[in-house]
Amino acid sequence: MTEPTIPPLRTSARYRPGALEYLALGLIVLVIGQRWLVDLFDIPALQTGATVFVAIMIQATPFLLLGVVLSGAIAAFVPASFWRRVLPKNNALAVPVAGAAGALIPGCECASVPVANGLMARGVTPAAALAFLLSAPAINPIVMVSTFVAFPGEPELVLARFVASLLTAVVMGWLWLRFGKGEWLRIGPRTHLIGSSSFHTFRLTATHDFLHAGGYLVIGAFAAAAINVLVPPAVMNTVAENPFLAIGAMAALAILLSICSEADAFIAASFTEFSSTAKLTFMVIGPMVDLKLISLQAGTFGRAFAVRFAPTTVAIGIAASLIVGWVLLT
């Protein structure tokens, strides 16, 4: 006689609020507390900071929205096998072709690491995939248009950003092709968000990228406003007047602020004391190396890759910004 089986007890899943719930809660708090919050902004310094913050957010948000929508569409409707078919079989030639492809296909840096990982997993040479990883969030059409809007009357800065970013991506691809070792790079399974249908994948990807990139945009805009208000003008002028110190400071800010590439031009434009070459450095380094990208690269490709790739990219990016800035901006 067999003993009757006892069905497992059902336990209710614990509810955990997500980003949208926190956003809704924040908006409710702002609406309820607006009467008291208005009084806080009677302080001139806070008024100035709020003006900088709101201006950056209003200018940058439309480009961020358009960027994540197009990035989601690419992830959902363009198969990774497409790149293997169109890239040249010669690896040295495939690197600049993959780098130039970044000018055609919008994508934010938040998605560039898993996309590059997926390309490698499907047979694309790592050097070409890495060139695309660096160029796609730096020179895509949305970024170029946002840079043009952020710097009206300075088309040479838009061109300088395109050339310096593409140069950095291609040089890094060739350096990996020449010096990169297989044991430094861990190629894992495709980790990009995949839904039950193409439209589901598009919705998941666009929502994920917007919530992540939007959060970094808010942090970046807040940091830019705080720097403009809290840092004494004498300090900013001292740093800005030293060309090499200014370039190093802007490169460090790009890494620390971790701003999405669709919006970083507006942050760069807010640092009016700095030279065009220093602003160029900020816009070249940011989409290629920042705190969130280093973390993503280490988690996806391994620590051995990240500790070599990120510092080298910073060095090449600064060198490219100096060369292109000297040719086009002086």
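The values are calculated or read from the model by the stated rules, or taken from the named source; none is laboratory data. Treat the numbers as computed from the prediction; the structure is a model and nothing was measured. Positions of Cβ are backbone-derived with ideal geometry, glycine not excepted, and every protein chain shown enters the neighbour counts.
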Looking at SER112, is it under 27 Å from GLY173 (Cβ atoms), at pLDDT below 75 and either among the aromatic types (Phe, Trp, Tyr) or crowded, with 18+ Cβ neighbours inside 10 Å (or both)? yes
Selection count where residues are surrounded by 18 or more Cβ atoms within 10 Å (Cβ to Cβ), within 21 Å of the chain's Cα centre (by Cα) and at pLDDT 80 or above, scope the range 217-258: 7
When you check ALA298 against the structure, is it out of contact with any helix residue (DSSP H, G or I) (no Cβ under 6 Å at 6 or more places or on another chain) and without any contact (Cβ under 8 Å) to a residue 40 or more places away in the chain, yes or no? no
The range 73-109 - residue that is assigned to a helix (DSSP H, G or I), crowded, with 24+ Cβ neighbours inside 10 Å and under 17 Å from the mean Cα position of the chain (by Cα) and, of those, modelled with the highest pLDDT: GLY99
